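Read through the structure below, which is laid out as structure tokens, and then see the notes.
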Amino acid sequence: QVQLVESGGGLVQAGGSLRLSCAASVGIFTINTMGWYRQAPGKQRELVAQITSGGRTNYSDSMKGRFTISRDNAKNTVYSQMNSLKPEDTAVYYCRVVRDFTAYWGQGTQVTVSS
């Protein structure tokens, strides 16, 4: 089992920045892939960004250039630095990790971007 605790969400004006954190209950060197997803009201959950144990990253096209995913193995934490936020980025952001072919989700953190 892997428990995930997200933090860093909140209310920000358009053009502002937030940094989300996701702390895992196990050493993340044992985790294959860590990522962030988001779900806006009435929409499907979608990928924001992923990072592998080897450090390879993958971003959704709408986030490229604005979001940066990173991981700190010493702190068992993955981060999402979100810049130039837009009102359409408003959503609940979820941390997701895959370990031993099993996916685990965090409880989600709300990000609201005002225009």
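Brief remarks on what is shown
- Residue count for the range 6-65, restricted to those that are in a helix (DSSP H, G or I) and either in contact with a Cys (Cβ under 9 Å, 6 or more places away or on another chain) or buried (at least 16 other Cβ atoms within 10 Å of the Cβ) (or both): 1
- Subset of the range 15-27 [touching an Asp or Glu at 6+ places or on another chain (Cβ under 8 Å) and touching a residue at least 60 places away in the same chain (Cβ under 8 Å)]: Leu20, Cys22
- If the condition is being within 15 Å of the chain's Cα centre (by Cα) and either on the phi > 0 side of the Ramachandran plot or touching a residue at least 40 places away in the same chain (Cβ under 8 Å) (or both), then the range 33-54 contributes Thr33, Met34, Gly35, Trp36, Tyr37, Arg38, Gln39, Ala40, Arg45, Val48.
- The number of residues in the range 55-102 that are within 12 Å of the chain's Cα centre (by Cα), of a type outside the set (Lys, Arg) and closer than 17 Å to Glu6 by Cα comes to 16.
- Check on Tyr79, in contact with a strand residue (DSSP E or B) (Cβ under 9 Å, 6 or more places away or on another chain) and more than 23 Å from Val12 (Cβ to Cβ): no
- Residues in the range 74-107 that are closer than 18 Å to Gly55 by Cα and among the small types (Gly, Ala, Ser): 2 in all.
- Hits in the range 66-115 - residues which are open to solvent by less than 40 Å² (accessible area, probe 1.4 Å) and among the basic types (Lys, Arg): Arg66
- Residue check for Val113: more than 14 Å from the chain's Cα centre (by Cα) and in contact (Cβ under 8 Å) with a residue 60 or more places away in the chain: yes
The values are calculated or read from the model by the stated rules, or taken from the named source; none is laboratory data. Note that this is a predicted model, so its numbers are computed, not measured. All Cβ positions, even for glycine, are placed from backbone atoms using ideal geometry, and neighbour counts span all protein chains on display. Only protein heavy atoms, including side chains, enter the accessible area calculation; ligands, DNA and RNA are left aside. Shrake-Rupley method; radii C 1.70, N 1.55, O 1.52, S 1.80 Å.
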